[in-house]
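Visitor: Mind having a look at this structure? Questions to follow.
The values are calculated or read from the model by the stated rules, or taken from the named source; none is laboratory data. As the structure is a computational prediction, the values presented were derived from the model and not from experiment. Cβ placement follows ideal geometry from the backbone for every residue including glycine, while neighbour counts extend to all protein chains displayed. Calculation scope for accessible area: heavy atoms of the full protein, side chains included, ligands and nucleic acids excluded. Shrake-Rupley method; radii C 1.70, N 1.55, O 1.52, S 1.80 Å.
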There are 2 protein chains.
Amino acid sequence: MADPQARLEQMLAKLKSRNFRLTPQRLAVLQILAASTNHPSVEDIYEEVKQVFPTTSLATIYKTVSLLKEIHEVLEIRFTDSSRFDGNKPYPHPHILCLRCGRVLDPELPGVDQLVAAAAACSGYQIVDHRLNFYGICPDCQ
Amino acid sequence: MADPQARLEQMLAKLKSRNFRLTPQRLAVLQILAASTNHPSVEDIYEEVKQVFPTTSLATIYKTVSLLKEIHEVLEIRFTDSSRFDGNKPYPHPHILCLRCGRVLDPELPGVDQLVAAAAACSGYQIVDHRLNFYGICPDCQ
DNA sequence: ATTAAAAGGAGAATGATTATTTATTAATAT
DNA sequence: ATATTAATAAATAATCATTCTCCTTTTAAT
Ligand SMILES: [Mn+2]
Ligand SMILES: [Mn+2]
Ligand SMILES: [Zn+2]
Ligand SMILES: [Zn+2]
């Protein structure tokens, strides 16, 4: 994972370049996403933002995260119950979810690009996105 | 894809061995899943069953599909909007979804087992399941 | 045929996500 | 600075796939 501060600057620059405004609530969401390594849910972000801005609405978190998705500064990973978000690697990459504690991490897998290429080749599809999700029990929960 | 009739027999045998009852509605759902190659949604199955048993409830389709999932005779693939089901290969395998027409097919990809093994090795997780989904535009829609 | 358990049908409830409406706030012009 | 305008936040209603509840019907075993 890169430096949270540098990552935050990137996000801020993108927001600015697209002429979106920087509000305190947005900044709070950006900071959480830039700093977190645990793939937080909307609810997770909400709880954290509320500590600083208690009147914040859940819808604001949804809208901010949705905006960040549009400008490709956050990746949404849909799991069975709800979505989790990665603000550090806002492009498709593999994930592993612990079915017991919910921990999500990024495995460093070789050959992902080849796999995508193979999928395109054998199907004839133009592939624009992918989700590679693994489910299991993390070392702590075993 | 294997012979639909043989696949149906397998499903029926599993139902019987687990002492689940065979009802006309269930048989209809099994037949659809055993014969289909297009990864139908619950709604798709519902529309087809209704042609034979017009009073069938949507909840019955949900319950039947859920039962089949429990006994590992169908695979659920969750996409953004709704789930699709594979009754022919009821075990994890890659899928490609066309974002325009919704077509889902099974790419024959090499190296999937190695990828799962690599994910387990580098993370320490005990992996019990996975979803490898690719999104793009199918040849017909390009 | 009887019986007990399982399954079906209808519609209400759930819950994550979206949309809508109204109120603030910030940017720009005058 | 003040007014004008547009963007954004907050609150809350609506959506929609899925699940649940309650009651009736069917199944399969005796
Ligand atoms: Mn990640
Ligand atoms: Mn399949
Ligand atoms: Zn765990
Ligand atoms: Zn298509």
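Visitor: Could you report the buried accessible area between B and A, both sides summed, computed with a 1.4 Å probe and given in Å² to the nearest 100?
Guide: When B and A are taken together, about 2900 Å² of accessible area is lost.
Visitor: Give me a single rounded figure for B:131-141: the average over its residues of other chain Cβ atoms within 10 Å of their Cβ.
Guide: 6
Visitor: Continuing with this model, one more query. Which percent of the accessible area of chain B is formed by carbon and sulfur heavy atoms (probe 1.4 angstrom)?
Guide: Within chain B, the accessible surface is 51 percent carbon and sulfur.
Visitor: Right, another one. Please report, largest first and rounded to whole Å, the three semi-axes of the ellipsoid equivalent to the range B:4-86, where each semi-axis is the square root of five times an eigenvalue of the C-alpha gyration tensor.
Guide: They are 18, 15, 12 Å, listed from largest to smallest.
Visitor: Inter-copy label distances at B:Gln10, 7 Å along the Cα→beta-carbon direction, one decimal in nm, shortest first?
Guide: 4.4
Visitor: Using the Karplus curve 6.51 cos²θ - 1.76 cosθ + 1.60 with θ = phi - 60°, work out ³J(HN,Hα) for each residue of the range A:72-79 in order, rounded to whole Hz, and write x for Gly and Pro.
Guide: 6, 10, 8, 10, 9, 10, 8, 10
Visitor: Can you tell me the orientation of helix B:4-17 relative to chain B, as the angle in degrees between its alpha-carbon axis and the longest Cα principal axis, to the nearest 10?
Guide: Roughly 80 degrees, rounded to the nearest 10.
Visitor: Now for a separate question. Please tell me the relative contact order of the range B:95-136 in percent, rounded to the nearest whole number, where contacts are Cα pairs under 8 Å and at least six residues apart.
Guide: 54 percent
Visitor: How do A:Lys16, A:Lys89 rank by accessible surface area computed with a 1.4 Å probe, from largest to smallest?
Guide: A:Lys16, A:Lys89
Visitor: Next up: Highest GNM mean-square fluctuation, chain B, Cα pairs closer than 10 Å: which of B:Gln51, B:Gln31, B:Gln114?
Guide: B:Gln114
Visitor: Any chance you could give the angle, 0 to 90 degrees and rounded to 10, that helix A:42-52 forms with the longest Cα principal axis of chain A?
Guide: The helix A:42-52 is inclined about 20 degrees to chain A.
Visitor: Placing +1 at every Lys and Arg Cβ and -1 at every Asp and Glu Cβ, with all other atoms neutral, what dipole size does the range A:4-86 have around its Cα centre, in debye to the nearest 20?
Guide: 400 debye
Visitor: Find the eigenvalues of the gyration tensor of the Cα atoms of the protein assembly as shown, then list the square roots of 5 times those eigenvalues as equivalent ellipsoid semi-axes, largest first, in whole angstrom.
Guide: Sorted largest first and rounded, they come to 38, 21, 20 Å.
Visitor: Now a separate question. If I take every Cα pair under 8 Å that is 6 or more residues apart in chain A, average their sequence separation and divide by the length, what percent do I get for the relative contact order?
Guide: 20 percent
Visitor: Across peptide A:104-117, what mean number of C-beta atoms from other chains lies inside 10 Å of a residue's C-beta?
Guide: Across A:104-117, the average partner-chain Cβ count within 10 Å equals 4.
Visitor: Work out the FRET efficiency for B:Ile71 and A:Ile71 from their Cβ-Cβ distance, taking R0 = 51 Å, and round it to the nearest 0.05.
Guide: Efficiency at R0 = 51 Å is approximately 0.70.
Visitor: Separate question: Inter-copy label distances at B:Thr23, 7 Å along the Cα→beta-carbon direction, one decimal in nm, shortest first?
Guide: The projected label point of B:Thr23 is separated from its counterparts by 5.0 nm.
Visitor: For the range A:4-86, what is the accessible area per residue in Å², given a 1.4 Å probe and the full set of protein chains?
Guide: 55 Å²
Visitor: While we're here: Which angle from 0 to 90°, rounded to the nearest 10, does the C-alpha axis of helix A:112-123 make with the longest principal axis of chain A?
Guide: Taking the Cα atoms of chain A, the angle to A:112-123 is about 60 degrees.
Visitor: Which lysines have a Cα lying under 16 Å from the Cα of A:Lys16, excluding residues fewer than 8 positions away in the same chain?
Guide: In chain and number order, the partners are A:Lys69.
Visitor: Moving to a separate point now. Rounded to the nearest 10 Å², what accessible area does B:Asp140 show when all protein chains are kept and the probe is 1.4 Å?
Guide: Near enough 120 Å² of accessible area.
Visitor: Using Cα-Cα distances under 8 Å and only pairs 6 or more residues apart, what relative contact order does the range A:4-86 have, in percent?
Guide: 29 percent
Visitor: Where the label is 7 Å out from Cα toward Cβ, how close does B:Ser57 come to the same position in every other copy, in nm, shortest first?
Guide: 3.6
Visitor: How long are the semi-axes of the equivalent ellipsoid of chain A, defined as square roots of 5 times the Cα gyration tensor eigenvalues? Whole Å, largest first.
Guide: 28, 20, 13
Visitor: Return the long-range amide H neighbours of B:Leu97 (sequence gap of 5 or more, or a different chain), with a cut-off of under 5 Å between placed amide H atoms.
Guide: For B:Leu97, the qualifying residues are B:Phe134, B:Tyr135, B:Gly136.
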